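S.K.: Got a structure for you, questions after.
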Amino acid sequence: MWCIERERQALLEFKKGLIDDKNRLSSWGTEYAKKNCCNWEGVLCSYQTGHILQLDLQAGGKPTLRGKISPSLIELHHLSYLDLSGNDFNQSQFPKFITLLSNLKYLYLVDANLSGQIPSQLGNLSRLQTLALGGNYLKIAENLDWLSPLVSIEYLSLRSVDLSVANNWLKVVAGLPKLSELWLSDCDLPLITPSSLLHVNSSKSLTHLDLSGNPHMTSSIFPWLFNSSTKLAYVYLSSNQLNGSIPNAFGNMNSLQELFLDDNQLDGGIPKSFEDICTLTTLGLYENYLNGQVLEFFKNLKGCLKDSLENLYLDSNQIEGSVPNFAIFPSLTWLGLADNKLNGNLAKSIESLHKLQHLIVRSNMLEGIISEAQLSNFPQLLYLDLSHNPLSLNFSIDWVPPFQLYGLYVRSCKLGPNFPNWIKTQRNLQFLDISSTGISNTIPTSFWDMPSELRYLNLSHNQIKGSLPNISTKVSNLHTIDFSSNGFEGPLPVFPPNMTSINLSKNMFSRLNSFVCLISGRTLKFLDLSSNHLSEEIPDCFMHWQGLEVLNLAHNKLSGKIPQSMGSLTQLIALDLSNNSLSGELPWSLQNCTMLRFLYLGKNKLFGKIPTWIGEKMSSLIILSLRSNEFHGSMQFQICLLVHIRYLDLSQNKISGTIPQCLNNLAAMAHKVSDFTMSDNFFIWNGIVYTIIGPGGMYGSGSNNTIDGVDSASIIVGWKGNVYEYGKNFGEMRSIDLANNKLTGKIPNEICSLIELKALNLSGNMLTGMIPQNIGQLEQLESLDLSRNQLFGSLPASMVALHYLGFLNLSYNEFSGRIPTSTQIQSFDSARFIGNLGLCGPPLIEKCPEDVTSNTNRSENYQEDGDEFWKCLYIGLVVCDNSSAYYKIAEDVSQLEAITILLKKPWRRSWAFDITCFYSAYGLMQWCKFWTSHDFRLPNSNINVCAFMYSYIYRITCVLGKS
């Protein structure tokens, strides 16, 4: 049967709008041999009429088509089946002409990169039995009322369609009489209230229900669920807000085969009613708050369930106790118990599970020896994760396992010291992690004859020695490798061109030049070569690495300038060149790296002014560390454009001028913001965490399943008086470190607006003035260092509000008066206040004058004399210290008279006597000014010699003389 010419032309017009990179539609053409469109790829015609009935061009495992969907398909009036899923239509609008294809019964546009609104006219396609629009960028205009006329629909998938305004969604879908499969995951469905259920029918034909990934989905869905079809076999309620105990009513769902309640807030245990669900094969309860003794859990999984259960996911809960004997579950193929608190002998508990294919028990406290005889009980084993347990693996050197794994993770188990030769027998291996297993010899040459399927290889944190061969042709599909923290040496090896992540840090590799310039690096996203023996200049060969997101060359001996080609890394998120010997100014090309979040250039020999484009072009920076270099010049206002900055370290440079008053614009320090997280293709700074897809969704192979760039970053922080690496929980860190520069002027009041600040270090500068009076607003402050400046005045009373302060250093300034009283401040050692001779009160031993009392006049006089001594000392500082703002007041005797008024003392002798005393002291002070002009200071103190002399002479000659 030949096709209809009008319909053939419509298909050819449709082809014109497509980009067919792989020539998938080669059978579509105008040549005579291709004239019958009924023989074309994906086309099915009616044998009686020749009309096109079916157009099936789903990508699936076939090449993807790109472009747009031509409205010419409207000529296919008899079309009943249309499937364009898995192709890329470049976020073009939903094709409205489809609403006119009145004979359509099956419409599949899944994962087709479409956008825009779903036209309500789809409700006119009354013959539709299947509507699948999931995995696009679609939304609805108002509600789902347009679905109601589709009374023949049996399969409805709107996965990831924005249904946030569809308040009537449950009423509409429950009213579809023939609906058997409903897929509404990740749709942002509105909250269901108990009152809204009063007018909702039950769905008596449902067999599949997926409402996963809806943040407003709570346990209020349960009443409708338990009143729905008795045919329900597959229920997916993952990643919602379900809370409380698991309802007993699940035990009444006699057709249930798969139940996933994972990633919720459920607590308690497994209801006893579950043991009577004789059809249940898969139970997913991972990532909840289930707790209690493990024996209680499995006591309720007996009955007929024990014979039907095949897949059990209990990972990431709070189940504790000795691991039970799983012999009662003879059909188990998947056992997930990772990230709990289980202990006991693992081998004995699983020895009867002969059908086991996936065993995931990482991050527990399981112990014992796993022998080859025990693992040989599992001939169907495909995936084994024993990581982070104190287990010992005891295999003979020539063991050949009866299984073929695609994933093996034994991180932190005892496997060494010899390299496990049996691994090379695993021809299907894709994921291999034998890190931290005590291997201390070299890698055998035969290991590199690994299967080409290997994608992920982690040998880190061992003591493996030797050099690496050219593995670019041996494991061609390898894209992630982690050999960090070993004893590898020699030149950096050549890797396959499709690598995405390379971590060779903490080894003894050399020859950076050949490595960087010989690898195209177009797919590489993560490169960590830190802590090696790289000693040459950084080669200028980064122009071919445009996809790189993380580059870490820290802790080497690299010299020379930062190459201009690093500015080609426009996708760069993290750059760490710290702890080298790099010199020169920052290359202007770096301003092209506008996506940078983390920039570490500390401990080098870089110089010049801090470029203004750091603030102007890199406003997304979260961490900026330029510490321990030779930068000079002033801090420009552009630094205040870093609104996302959480850690700013410019310490130990030669920066001068004043602190900018615009610091209150640093929004991430001034406001509480949610912790920064990276996209799924980002990195774990200390190694990659991989995920695998199981029947229930994603399972992480590492110690956690989330990828958080900040919480895993390891940075150098000057905090609480020390310098150390700060990694865990960095998302909460807010710090400014400007220590050991040449900053002058006052501490700007605006700094007190940074209410989320955790650490502030301004020590070792030449700051003057008083501490801002409202510093108590920094209630989150845990570390404050203002030592070794020229600050004066009393300590603000608001400091008592700094309840979280764990480190305080105010030493070697010119503070005076009483130290504010609070439990926190008085807990610090007196050394934190040393060098401020005008300070008094706890924790100092010096008492304040008003605290000294006596019943005798002589004692009262002595107290007044002591009080006078401190006041004289303060005046001595004021008069003699050239850096003080009050020095000019005491330029002559007439101004000294004004200073006496400041003492506010009820004098007992004549004014003339007092003036005489001041003249005497002032004369000695003039002699001392010769020394102050040469900036002569007492050892370990900022107090001028003449200050001591002045206060001492006044006290002896005047104060005691008056008595």
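The values are calculated or read from the model by the stated rules, or taken from the named source; none is laboratory data. This is a predicted model, so every value here is computed, not measured. Every residue, glycine as well, gets a Cβ built from its backbone with ideal geometry; the counts of neighbours run over all protein chains shown. Remember, those area values only see protein heavy atoms, side chains included, never the ligands or the DNA or RNA. Shrake-Rupley method; radii C 1.70, N 1.55, O 1.52, S 1.80 Å.
S.K.: I'd like the chymotrypsin sites (Phe, Trp or Tyr not before Pro) in segment 1-43 restricted to DSSP loop residues with at most 14 other Cβ atoms within 10 Å, sorted by number. Write out the running numbers ahead of the final one.
M.R.: Values: sites: Trp2, Phe14, Trp28, Tyr32, Trp40; in loops: Trp2, Trp28, Trp40.
When the chymotrypsin sites (Phe, Trp or Tyr not before Pro) of segment 1-43 are filtered for loop state and at most 14 Cβ neighbours within 10 Å, Trp2 remain.
S.K.: Next question, about the same structure. Which distance in nm do the two modelled labels at Arg127 and Thr230 give, with both placed 7 Å along the Cα-to-Cβ direction?
M.R.: The modelled label-to-label distance comes out at 3.6 nm.
S.K.: Averaged per residue, what accessible surface does segment 400-515 expose to a 1.4 Å probe, in Å²? Provide the component values of the computation, followed by the final result.
M.R.: Details: 4030 Å² over 116 residues.
Accessible area per residue: 35 Å².
S.K.: Over segment 487-584, calculate the relative contact order: mean separation of alpha carbon pairs under 8 Å at least 6 apart, over the residue count, as a percent. Kindly include the intermediate steps, with their values, before the conclusion.
M.R.: On the way: 243 pairs, mean separation 23.3, N = 98.
RCO, segment 487-584: 24 percent.
S.K.: For the pair Tyr32 and Asn243, what calculated FRET efficiency results from E = 1/(1 + (r/R0)^6), where r is the Cβ-Cβ distance and R0 = 56 Å, to the nearest 0.05? Each step should come with its number before you reach the end.
M.R.: Working: r = 68 Å, r/R0 = 1.21.
My answer for the efficiency is 0.25.
S.K.: Let me ask something else. Rounded, prolate or oblate: which one fits segment 1-156, using the alpha carbon gyration tensor with axes a ≥ b ≥ c (rounded when a/c is under 1.5, else prolate when a/b beats b/c, else oblate)?
M.R.: Taking the square roots of the gyration eigenvalues as a ≥ b ≥ c, segment 1-156 is oblate.
S.K.: Still on this model: Can you give me the accessible area per residue for segment 585-664, using a 1.4 Å probe, in Å²?
M.R.: 36
S.K.: Go through segment 403-487 and name the trypsin sites (Lys or Arg not before Pro) that are in a DSSP coil and have 13 or fewer other Cβ atoms within 10 Å of their Cβ.
M.R.: Qualifying residues, ordered by number: Arg427.
S.K.: Next up: Under 19 Å from the 7 Å Cα→Cβ point of Trp422, by amide nitrogen: which residues of segment 364-386?
M.R.: Once the point is set 7 Å along Cα→Cβ of Trp422, 367-386 turn out to lie under 19 Å by backbone N, inside segment 364-386.
S.K.: What is the gain in length, in nm to one decimal, between Met595 and Asp829 on full extension, counting 0.36 nm per residue of separation less the C-alpha to C-alpha distance?
M.R.: Numbers: separation 234, 0.36 × 234 = 84.24 nm, distance 4.40 nm.
Length difference between fully extended and current span is 79.8 nm.
S.K.: May I pose another question? From the cross-link list Lys105/Lys139; Lys105/Lys171; Lys414/Lys474; Lys617/Lys758; Lys15/Lys35, which pairs have alpha carbons spaced over 18 Å apart? Let's see the in-between values first.
M.R.: On the way: Lys105/Lys139 22 Å; Lys105/Lys171 23 Å; Lys414/Lys474 28 Å; Lys617/Lys758 26 Å; Lys15/Lys35 15 Å.
Too far apart for the 18 Å limit: Lys105/Lys139; Lys105/Lys171; Lys414/Lys474; Lys617/Lys758.
S.K.: Using a 1.4 Å probe on the protein heavy atoms, what percent of the accessible area of segment 263-408 belongs to carbon and sulfur? Present the calculation step by step, with values, prior to reporting the outcome.
M.R.: Numbers: 2720 of 5330 Å².
C and S fraction of accessible area: 51 percent.
S.K.: Determine the shape class of segment 461-543: with a ≥ b ≥ c the square roots of the Cα gyration tensor eigenvalues, call it rounded for a/c under 1.5, and otherwise prolate if a/b is greater than b/c, oblate otherwise. Walk me through the numbers before you get to the answer.
M.R.: On the way: a/c = 1.61, a/b = 1.12, b/c = 1.45.
Cα axes put segment 461-543 in the oblate bin.
S.K.: Could you work out the local net charge near Leu384, counting Lys and Arg as +1, Asp and Glu as -1, over the other residues with Cβ closer than 11 Å to its Cβ? Before the final figure, lay out the partial values.
M.R.: Working: positive: Arg362; negative: Asp385, Asp433.
Local charge sum for Leu384: -1.
S.K.: Take every Cα pair under 8 Å in segment 576-620 that's 6+ residues apart, average their separations, divide by the length, and report that relative contact order as a whole percent.
M.R.: Numbers: 56 pairs, mean separation 23.4, N = 45.
Here the relative contact order equals 52 percent.
S.K.: What is the calculated FRET efficiency for Gln9 to Tyr137, with r their C-beta to C-beta distance and R₀ = 25 Å, to the nearest 0.05?
M.R.: 0.20
S.K.: Still on this model: With a cut-off of 8 Å between alpha carbons and a minimum separation of six or more residues, what is the relative contact order of segment 1-147 in percent? Could the numbers behind the result be given before it?
M.R.: Numbers: 305 pairs, mean separation 27.2, N = 147.
Value for segment 1-147: 19 percent.
S.K.: Can you send over the carbon and sulfur percentage of the accessible area for segment 786-851, probe radius 1.4 Å, protein chains only? Let's see the in-between values first.
M.R.: Details: 1530 of 2730 Å².
Carbon with sulfur: 56 percent of the solvent-accessible area.
S.K.: Here's something else I'd like to know. Give the cross-link partners of Lys302 among the lysines, using a straight C-alpha distance below 26 Å as the criterion and excluding same-chain residues fewer than 8 apart.
M.R.: Lys231, Lys272, Lys341, Lys348, Lys355
S.K.: How much FRET efficiency would the formula 1/(1 + (r/R0)^6) give for Ile328 and Leu197, where r is the Cβ-Cβ distance and R0 is 45 Å, rounded to 0.05? Please report the intermediate quantities before stating the final value.
M.R.: On the way: r = 38 Å, r/R0 = 0.86.
Efficiency, from the Cβ-Cβ distance: 0.70.
S.K.: Do any trypsin sites (Lys or Arg not before Pro) in segment 480-581 lie in a DSSP loop with no more than 11 other beta carbon atoms within 10 Å, and if so, which?
M.R.: Details: sites: Lys506, Arg511, Arg522, Lys525, Lys557, Lys561; in loops: Lys506, Arg511, Arg522, Lys525, Lys557, Lys561.
For trypsin sites (Lys or Arg not before Pro) across segment 480-581 that sit outside H, G, I, E and B with at most 11 neighbouring Cβ atoms in 10 Å, the list is empty.
S.K.: While we're on this one: Kindly report the accessible area of segment 86-209 per residue (heavy atoms of protein chains, probe 1.4 Å, no ligands, DNA or RNA), in Å². Kindly include the intermediate steps, with their values, before the conclusion.
M.R.: On the way: 5190 Å² over 124 residues.
Accessible area per residue, segment 86-209: 42 Å².
S.K.: Once neighbouring chains are kept in place and the probe is 1.4 Å, which whole percent of the accessible area of segment 1-134 is contributed by carbon and sulfur?
M.R.: Numbers: 3020 of 6320 Å².
Carbon-and-sulfur percentage of accessible area, whole number: 48.
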